[in-house]
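Comments concern the structure below.
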Amino acid sequence: MPSRRGYFVRALAVSTFACLVACGGGGGGGSPTATPPPPVIVSRTFPSNVAVAAGGGTAWDIVGVTTTLTGQFASGGGNLYDTLRVDVTFSQNVSNALPAPGQPLSGLNQLGISIAIDSDGNPNTGEYKTCNTASSLEPFEYATDQGNDPSRLSDGNYTIIGPAGPIYSGAPNPPAEAQTSIGGSTMSESFFLTSLGVAAGVKVPKIGVIVAATNGSGSGATDCVPSDGSEIFTDGS
């Protein structure tokens, strides 16, 4: 099995969290209503039929990625975004492609997804390379386990891996995991920004992502986007 870091080097290598905000008022003046900031949505499309399964099996083919920033309330310090969702769309139906909860990626036709996250928007800091294997840049601080390091989690989510390894291990703890949903041709993973080292209070945090798909053959990625070595930034830059 490829290592966490080696996977990206060699292979390129929905839930929304909810909370209630109580605003206290004084002197009988009533309580103001918190207003969530507007979602920030960035979408990219990619050519179809370019995926290759070097070890055989299904060549999972990514044709679109959408990132969505959402937040629960606004404050005097700016719009507070607290959640990032990444929707990955394929040319194939992926509804039944994931390993069962608690099981590792296996066979030739199961789907593994690894989302690499540049949490500081700095191309010169990070642990993982871009999809362009010829590039020397390593801008990504975090990546999600594709399903074999160690496996899909027992609650159906996936592990987030940071510079020192998994950011959390133990009993299910969704706020510290990549919360996962799948249906039709789209698989989605959602993250608390604080789990990615992003401080609250940033109006639109600049977070870059790339996405690699693999199958259970252990032969690396079938597809990785963007393939030119760029990133998909949440602020649209």
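The values are calculated or read from the model by the stated rules, or taken from the named source; none is laboratory data. In this text, all values refer to a predicted model and were calculated from it rather than measured experimentally. We place every Cβ from the backbone using ideal geometry, glycine too, and count neighbours over all the protein chains shown.
Table for the structure above
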read-out	value
Among the candidates Gly229, Gly208, Gly184, residue that is within 20 Å of Ile62 (Cβ to Cβ) and buried (at least 21 other Cβ atoms within 10 Å of the Cβ)	Gly208
Lone qualifier among Ile113, Ile161, Ile117 - being in contact with a Gly (Cβ under 9 Å, 6 or more places away or on another chain), among the β-branched types (Val, Ile, Thr) and more than 18 Å from Val63 (Cα to Cα)	Ile117
Residue identified as under 22 Å from Ile210 (Cα atoms) and either buried (at least 23 other Cβ atoms within 10 Å of the Cβ) or out of contact with any Phe, Trp or Tyr (no Cβ under 8 Å at 6 or more places or on another chain) (or both) among Thr125, Thr70	Thr125
Boolean, Ser190 is under 23 Å from Ile41 (Cβ atoms) and buried (at least 17 other Cβ atoms within 10 Å of the Cβ)	yes
Options Ser106, Ser75; residue that is surrounded by fewer than 18 Cβ atoms within 10 Å (Cβ to Cβ), at pLDDT below 95, under 24 Å from Ser151 (Cα atoms) and more than 18 Å from the chain's Cα centre (by Cα)	Ser106
Flag if Gly236 is within 15 Å of Val65 (Cα to Cα) and either modelled with pLDDT under 95 or loosely packed, with under 15 Cβ neighbours inside 10 Å (or both)	yes
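A quick yes/no check of all residues on (1) within 20 Å of Glu127 (Cα to Cα); (2) in a strand (DSSP E or B):
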position: Ala178; (1), (2): yes, yes
position: Glu189; (1), (2): no, yes
position: Thr194; (1), (2): yes, no
position: Lys203; (1), (2): no, no
position: Ala213; (1), (2): yes, yes
position: Ser217; (1), (2): no, no
position: Cys224; (1), (2): yes, yes
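Let's see how each residue does on (1) of a type in the set (A, V, I, L, M, F, W, C); (2) in contact with a helix residue (DSSP H, G or I) (Cβ under 6 Å, 6 or more places away or on another chain); (3) assigned to a strand (DSSP E or B):
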residue: Arg85; (1), (2), (3): no, no, yes
residue: Val88; (1), (2), (3): yes, no, yes
residue: Val94; (1), (2), (3): yes, no, no
residue: Ala97; (1), (2), (3): yes, no, no
residue: Ala100; (1), (2), (3): yes, no, no
residue: Leu105; (1), (2), (3): yes, no, no
residue: Leu108; (1), (2), (3): yes, no, no
residue: Ile115; (1), (2), (3): yes, no, yes
